Amino acid sequence: MGYATLICQNHSAGNAVSKTHPGEPGDRAVKPNYWVTAGSRAVVSVSQRRSITMSWGKLLEPDLFLGDSILSLTPEIVKEYDLKGLVLDVDETLVPLREIQVSEYLRQWVEQIRPVATLWLVSNNISEARIGGIARSLNLPYITGAAKPSRRKLRQAVTGMNLPVEKVAMVGDRLFTDVLAGNRLGMFTILVEPMVEPGEIMQTKHPVRSLEVWLSQILGASLAQKK
């Protein structure tokens with residue numbers, strides 16, 4: 001049995017007083033407006049819990065949701081949001097997971113974007129052969145093993161660009177890695193649909209992505225398509 005600090009309302013004095021009371025995980029104070037975690041001294045009110053939920057919602061909310069693959073991110077859109085650099089996820093953002101070659105469409109897209117924004121690839125994938133091969137075929141710098149939503153490798157890429165972080169966008173297909181990491185660092189975040197193979201249905205082939213969308217909306221993130 002642990003001890004938790006409970007906050008109780010002193011109705012006669014109108015003040016909050018503190019006392020120590022034994023509690024088990026999940027115990028609540030007598031006043032239902034407070035949530036208590038046993039073994040700690042943190043007391044979270046209902047309003048604070050709502051604030052925490054809203055904070056998670058904001059962290060998981062992209063600044064721009066294209067509703068299509070990365071190929072729909074045009075130079076005009078990049079200029080519209082005054083972006084000078086793009087950090088690009090690789091697997092299923094640029095190339096389907098089971099593919100090792102970039103498409104001619106992607107090559108053309110990179111050449112269209114290159115004049116208006118500096119490009120870096122930052123992937124959670126640790127495979128040097130896969131990510132390095134894709135990066136070299138596009139003639140782009142890259143980082144593997146990023147461990148997003150960690151910010152460390154994203155910061156490394158932004159530093160390599162020598163640009164203000166707010167002028168760089170994190171572009172990816174995942175909310176709990178790409179968007180969350182970018183928002184944590186203060187980047188502009190762009191959510192795109194996964195790059196799928198011809199004839200592939202995204203909802204059946206990308207259950208984790210679908211689950212992330214569902215959870216993020218429960219946490220308050222707005223994924224309304226913006227154009």
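Exactly one residue among T204, T144 is at pLDDT below 75 and more than 19 Å from L66 (Cβ to Cβ), and that residue is T204.
Take the range 145-163 and flag every residue that is surrounded by fewer than 19 Cβ atoms within 10 Å (Cβ to Cβ) and part of a loop (DSSP other than H, G, I, E, B). Listed by number, the residues that qualify are G145, A147, S150, N162, L163. Identify all residues within the range 79-101 that are closer than 17 Å to R136 by Cβ and buried (at least 19 other Cβ atoms within 10 Å of the Cβ); write none if there are none. Selection gives L88, V90, D91, L94, V95. Residues in the range 115-134 that are under 20 Å from the mean Cα position of the chain (by Cα) and part of a strand (DSSP E or B): L119, W120, L121, V122. Of all residues being over 19 Å from K148 (Cβ atoms) and charged (D, E, K, R) in the range 51-78, which is least open to solvent (accessible area, probe 1.4 Å)? Just the residue, please. Residue satisfying both the conditions and the ranking: D68.
The values are calculated or read from the model by the stated rules, or taken from the named source; none is laboratory data. Keep in mind that this is a model prediction, so the values were computed, not measured. Don't worry about glycine lacking a Cβ; one is built from the backbone with ideal geometry, like all the others, and counts go over all protein chains shown. What goes into the accessible areas is simple: the full protein's heavy atoms, side chains included, and nothing from ligands, DNA or RNA. Shrake-Rupley method; radii C 1.70, N 1.55, O 1.52, S 1.80 Å.
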